[in-house]
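Undergrad: Take a look at the following structure, please.
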Amino acid sequence: MKYLFKNAYIVSDNRKCDILIDNGTIVDINDEIIIDKSRSDDLELINLEGRIIIRGFADAHLHLDKALLNETYSNESGTLKEAIQLGKKLKRSFSKKDVKERALKTINMCRKHGTFAIRTNVDIDEIVGLNSLDALLELKDELKDELHMQIVAFPQEGIQNSNKNLLYLEEALKRGADIIGGIPAMEEDPIGHIKKVFELAVKYDVDIDMHIDETDDPKSLTIKDLAEITISEGYKGRVTAGHCCSLSANNFEDIKGTINLIKEAEIHIIALPSTNLYLQGRNDVKDFRRGITRVKDLMKLDIPVMIASDNIRDPFNPFGNANLLEAALITAHGCQMGGTNDLNSIFQMVTDIPMKLLNQDTGFKIGEKARFIVLNSYEPWRAIISQSRIFGKYHLKWEKLNS
């Protein structure tokens, strides 16, 4: 079956053009493609009328093993402290079946909203063992034709006080985890935690993705240590830092040098607006802080910044619909980024930038397999403001969803 998509707006190329697909492969991209339909009975012509076409959204920071727990158990105080305590308690009863079912429900939410690539953390420790990892590895394999998934082996309970945790973390890498995670704040010696994570990363030649400075404390700037160690270990471009909330707790002049170090280390930054707006600033008695990292200041230095869902309806965050356009809108509010250029930049933070981090194609090229979504919008900034629905998607065949 052939499909000719007329007047498609490819955001990544800032270009309106026609795209011809034959048997699932892109065979032509041009300003105008003219085909005599009378000579091609198996051709379907779809006029997109300038609608946005993208490879899909990419969610670069999730916790699928904990997702949807809040539908049964709630964090009554809403604090990070209770979330950590409750999470530790609940995962004692995690089964492979339970994790897989909740993760699949969440993945289906992601796919419904046009997300084709995800990176998920999964707790690895002596409490839960490798049950959650095995569940996600199975899902990754079962869904490989429909979804690109990266799995981060995440030491939520730390590694320095438990040799078993460290052994489990290494076993997770042997078993198939793609990336090693870290959470220095869980340790009395944060720098020692970072160095131990780097040892494993170098040993197994994997990238690093850490939870960093999820705090309002301006003195907590572990991101600086992470950047320095990244440079000294020769790991530039292979490290991602999520949260980085404490950057916003400081005067810009006080952390300018730290931000320059982040750039030198080529660290990718992931902002988690929903979770951090909910958790941070709870001890402020006035001028409540938003808690989101310094998105605009990082952008000015061309540091790759992404937006992701983080926790979805679990003890850390009771909200979330696995909808990255919704996360983009929350970011626009929380970071006061309402201008057209700001919103267009935010759109890149849920599409091209995380797609590149997850090693996925962002543009459209002749000879590639076709897989994309079409939004019922004509400009990226307007797609965020209007929370555009998906007009249609192509994966093996064209499926029109909404008009």
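Undergrad: Do we find that G339 is free of Cβ contacts under 8 Å to residues at least 24 places away in the same chain and outside the structural domain of V27 (by TED's automatic domain parsing) in this structure?
TA: So G339 fits the description; yes.
Undergrad: Restricting to the stretch 276-327, name every residue that is without any contact (Cβ under 8 Å) to a residue 40 or more places away in the chain, of a type in the set (D, E, K, R) and outside any helix (DSSP H, G or I).
TA: K286, D287, D302
Undergrad: Still on this structure: Give me the residue from the stretch 121-136 that is in contact (Cβ under 8 Å) with a residue 40 or more places away in the chain and part of a helix (DSSP H, G or I) and, out of that set, surrounded by the fewest Cβ atoms within 10 Å (Cβ to Cβ).
TA: D134
Undergrad: Something else now. Look at the stretch 116-139 and say how many of its residues are under 28 Å from I390 (Cα atoms) and in contact with a Gly (Cβ under 6 Å, 6 or more places away or on another chain). Steps first, please.
TA: Within the stretch 116-139, the subset under 28 Å from I390 (Cα atoms) is 116-121, 136, 139.
Then keep just the ones that are in contact with a Gly (Cβ under 6 Å, 6 or more places away or on another chain); that gives 116, 121.
Count: 2.
Undergrad: Are any residues in the stretch 148-188 more than 24 Å from L86 (Cα to Cα), part of a loop (DSSP other than H, G, I, E, B) and not aliphatic (A, V, I, L, M), and if so, which ones?
TA: Correct list: G176, D178.
Undergrad: Follow-up question, since we're still on this one. Can you tell me which of (1) crowded, with 18+ Cβ neighbours inside 10 Å; (2) over 30 Å from D22 (Cβ atoms); (3) modelled with pLDDT of 95 or more is the one L86 doesn't meet?
TA: Looking at each condition in turn, L86 falls short on (3).
Undergrad: Here is a follow-up. Identify, from the list G338, G363, G367, the residue that is more than 18 Å from the chain's Cα centre (by Cα), in a loop (DSSP other than H, G, I, E, B) and at pLDDT below 95.
TA: G363 is the lone residue from the list that is more than 18 Å from the chain's Cα centre (by Cα), in a loop (DSSP other than H, G, I, E, B) and at pLDDT below 95.
Undergrad: Read through the list (1) within 30 Å of G281 (Cα to Cα); (2) out of contact with any Ser or Thr (no Cβ under 8 Å at 6 or more places or on another chain); (3) at pLDDT 95 or above; (4) of a type outside the set (F, W, Y), then give the number of the only condition that I223 fails.
TA: The single condition I223 does not satisfy is (2).
Undergrad: For residues that are more than 18 Å from the chain's Cα centre (by Cα) and at positive phi, scanning just the stretch 257-290, find the one that is surrounded by the most Cβ atoms within 10 Å (Cβ to Cβ).
TA: G281
Undergrad: While we're looking at this one, here's another question. Given the structure, is L143 of a type in the set (A, V, I, L, M, F, W, C), surrounded by fewer than 18 Cβ atoms within 10 Å (Cβ to Cβ) and closer than 26 Å to D189 by Cα?
TA: Judged against the criteria, L143 is not a match.
Undergrad: Based on this model, can you work out whether T240 counts as within 18 Å of the chain's Cα centre (by Cα), assigned to a strand (DSSP E or B) and at pLDDT 95 or above?
TA: Values: within 18 Å of the chain's Cα centre (by Cα): yes; assigned to a strand (DSSP E or B): yes; at pLDDT 95 or above: yes.
So T240 fits the description; yes.
The values are calculated or read from the model by the stated rules, or taken from the named source; none is laboratory data. Please read all numbers here as calculations on a predicted model, not as lab measurements. Positions of Cβ are generated from backbone atoms using ideal geometry, with glycine treated the same way; all protein chains shown enter the neighbour counts.
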